[in-house]
Structures are given as structure tokens and as C-alpha cells.
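Worksheet for the structure shown next.
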Amino acid sequence: ELKVEQNPLFLSMQEGKNYTIYCNYSTTSDRLYWYRQDPGKSLESLFVLLSNGAVKQEGRLMASLDTKARLSTLHITAAVHDLSATYFCAVRDSGTYKYIFGTGTRLKVLA
Amino acid sequence: EAGVVQSPRYKIIEKKQPVAFWCNPISGHNTLYWYRQNLGQGPELLIRYENEEAVDDSQLPKDRFSAERLKGVDSTLKIQPAELGDSAVYLCASSYPLRGSQETQYFGPGTRLLVL
């Protein structure tokens, strides 16, 4: 069974600091996604990572993928309050094409 | 470009009552997904359609849940009868295969269901 684990589950950080969210998955996947969800809102796609070593950056967020380690990271640089949200990673099982989401990381950036 | 539309946005019902949710995907998106998201958790796939065909319904509790996607566009998800544990947000998403496998899912605002 494909499992996706994120850590930490909760993250409180000061503005201006850097931090990394980790996403581990348990089986072969051909793509990995990062989403953002604000309270009471739907999910917004941030990144799609397809290959080993893929790195994508948008503003203060940078995502990377290591398919050999089955690990993706979402790095936050110089956090600002507007980044406060819940971040989910999701993988697509390359055998079943099923999308499995992690439990999410609730990020709170303190002013 | 209009996004994924869902209705209703909120629904409160008593247990054992039926309920239905509607989804209109982004125009041209042939893949449609229904997810359930419990409080504090990630979305869980219920069913995936490719056009009008349900290609993955392994996670759909078929004793009380049903779904359809007539003509490969709009979709409805029904629960009958609803149970207390069905309280959750039901999300619809759609996608279209892009070159280079950059396919991504676009999510609707969700229907928040409360079963009393």
C-alpha cells in the first residue's frame, strides 16, 4: 500500500527564517505534487516534480525530488506571514495511477 | 478560465437522509476526481473518471455511495443513507493530460457536509 508521510505535521516559525518540510513515500511514483491549502479553502497546486533531481522554485518556496530516496522537500526561504497555510504533498502511484496525499504540514509564520 | 465549480458549498442533514453533490469541471478536462477530506487530514480519493468511465472506484464505499458522470462532463456524488462519519469536505478536481506529463489537478472549493 502506498503511504505518504510528511514531517513535521505542525511548524511555527519566525518571519525571516528558513525551514524545510519533508515528504516520504513508500512505493514507486512517477510524479509528485505540492499543494497549498488556506483555512476553509480548496487546494492550490504549487509544483509538479517528475524526475529524479528535479528542482522547482517559485518565490520563497523551492521543491526538490529524490526518487531514489523516495523523498521530496519543500524549502521555505525567509518566511513571511502570507506563507501561513497547510502544505500537502501528493504522489501518483506509477502502477495504479492512484493519487495519495500526505497528512499535511500546518505552517504558521509569526510576525 | 472558469475553475472547477461545486455545489452546494455547505450542507447540513440528519443521519439516514440522502445527499447529493454536483461538480462541473474545467472545460476540456477529461479526468474528474472526487475526494473526501476529513478535518486535519489530506484528501482521500473516492473515485476517478476518464471521460464518462469510472476507472478507479476502489475507495468508494459502494453500499451507500454512488457517482455518475453522464456525457463525460458534469458529475454527481450521492450518499444514501448518510452516516455521522460521512461529515467531511467533499472535493472535486479535474485534469487534462499535458505534454511532458505536467498534468496537474485543479480543485474546486468543496462541499462541506455535516451529518447530525
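Sort out for me the strands (runs of 3 or more DSSP E) sitting completely within region B:62-116 that have 1 or more residues that are of a type in the set (D, E, K, R).
Qualifying strands (runs of 3 or more DSSP E): B:65-68, B:75-79, B:111-115.
If A:A54 satisfies every condition in (1) closer than 30 Å to B:Y90 by Cβ; (2) within 14 Å of chain B (Cβ to nearest Cβ) but one, which is the exception?
(1)
Between A:Q57, A:Q37, which is among the polar types (S, T, N, Q) and surrounded by 13 or more Cβ atoms within 10 Å (Cβ to Cβ)? I'd like the intermediate steps shown before the answer.
Details: A:Q57 fails: surrounded by 13 or more Cβ atoms within 10 Å (Cβ to Cβ).
Just one listed residue meets the conditions, A:Q37.
B:S66 versus (1) surrounded by fewer than 19 Cβ atoms within 10 Å (Cβ to Cβ); (2) touching a residue at least 24 places away in the same chain (Cβ under 8 Å); (3) more than 12 Å from chain A (Cβ to nearest Cβ): which is the lone unmet condition?
Unmet for B:S66, out of (1) surrounded by fewer than 19 Cβ atoms within 10 Å (Cβ to Cβ); (2) touching a residue at least 24 places away in the same chain (Cβ under 8 Å); (3) more than 12 Å from chain A (Cβ to nearest Cβ): (2).
Yes or no: A:L61 closer than 21 Å to B:Q59 by Cβ and free of Cβ contacts under 8 Å to residues at least 60 places away in the same chain?
no
Among the residues of region B:8-26 satisfying the criterion of being hydrophobic (A, V, I, L, M, F, W, C) and open to solvent by less than 80 Å² (accessible area, probe 1.4 Å), which is farthest from B:L46 (Cα to Cα)? Explain how you work it out, then say what you get.
First pass over region B:8-26, keeping only residues hydrophobic (A, V, I, L, M, F, W, C): B:12-13, B:19-23, B:26.
Cutting the leftovers down to open to solvent by less than 80 Å² (accessible area, probe 1.4 Å) gives us B:13, B:19-21, B:23, B:26.
Numbers: B:I13: 21, B:V19: 16, B:A20: 14, B:F21: 13, B:C23: 14, B:I26: 19 Å.
So, considering only residues that are hydrophobic (A, V, I, L, M, F, W, C) and open to solvent by less than 80 Å² (accessible area, probe 1.4 Å), the one farthest from B:L46 (Cα to Cα) is B:I13.
Residues in region A:34-45: is at least one of a type in the set (G, A, S), within 11 Å of chain B (Cβ to nearest Cβ) and in a strand (DSSP E or B)?
yes
Give A:L43, A:L9, A:L49 a once-over and let me know the one that is open to solvent by less than 20 Å² (accessible area, probe 1.4 Å) and under 21 Å from A:L71 (Cα atoms). Talk me through it step by step, then tell me what you get.
Values: A:L43 fails: under 21 Å from A:L71 (Cα atoms); A:L9 fails: open to solvent by less than 20 Å² (accessible area, probe 1.4 Å).
A:L49 is the lone residue from the list that is open to solvent by less than 20 Å² (accessible area, probe 1.4 Å) and under 21 Å from A:L71 (Cα atoms).
Which condition from (1) more than 14 Å from the chain's Cα centre (by Cα); (2) closer than 30 Å to B:L113 by Cβ is the one that A:L43 breaks?
(1)
Of all residues in region B:27-41, how many are closer than 14 Å to B:A88 by Cα, open to solvent by 30 Å² or more (accessible area, probe 1.4 Å) and not small (G, A, S)?
Residues that pass the stated criteria total 4.
Condition (residue is within 11 Å of chain A (Cβ to nearest Cβ), at positive phi and at pLDDT below 95) applied to region B:98-107: is it met by at least one residue?
Among the residues of region B:98-107, at least one is within 11 Å of chain A (Cβ to nearest Cβ), at positive phi and at pLDDT below 95, which makes the answer yes.
Inspect region B:66-89 for any residue being modelled with pLDDT under 95 and farther than 26 Å from A:R92 by Cβ and give the result as yes or no.
Of the residues in region B:66-89, the ones modelled with pLDDT under 95 are B:70-73.
After this cut, where a residue has to be farther than 26 Å from A:R92 by Cβ as well, the list is B:70-71.
Yes - at least one qualifying residue is present in region B:66-89.
Condition check ((1) touching a residue at least 24 places away in the same chain (Cβ under 8 Å); (2) under 18 Å from B:G42 (Cα atoms)) across all residues:
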| site | (1), (2) |
| --- | --- |
| A:L50 | no, no |
| A:A54 | no, no |
| A:L65 | yes, no |
| A:H81 | yes, no |
| A:T86 | yes, yes |
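The values are calculated or read from the model by the stated rules, or taken from the named source; none is laboratory data. Treat the numbers as computed from the prediction; the structure is a model and nothing was measured. Glycine gets a Cβ as well: all are built from the backbone with ideal geometry, and neighbour counts include every protein chain shown. To get the accessible areas, we keep the full protein, side chains included, count just its heavy atoms, and leave off ligands, DNA and RNA. Shrake-Rupley method; radii C 1.70, N 1.55, O 1.52, S 1.80 Å.
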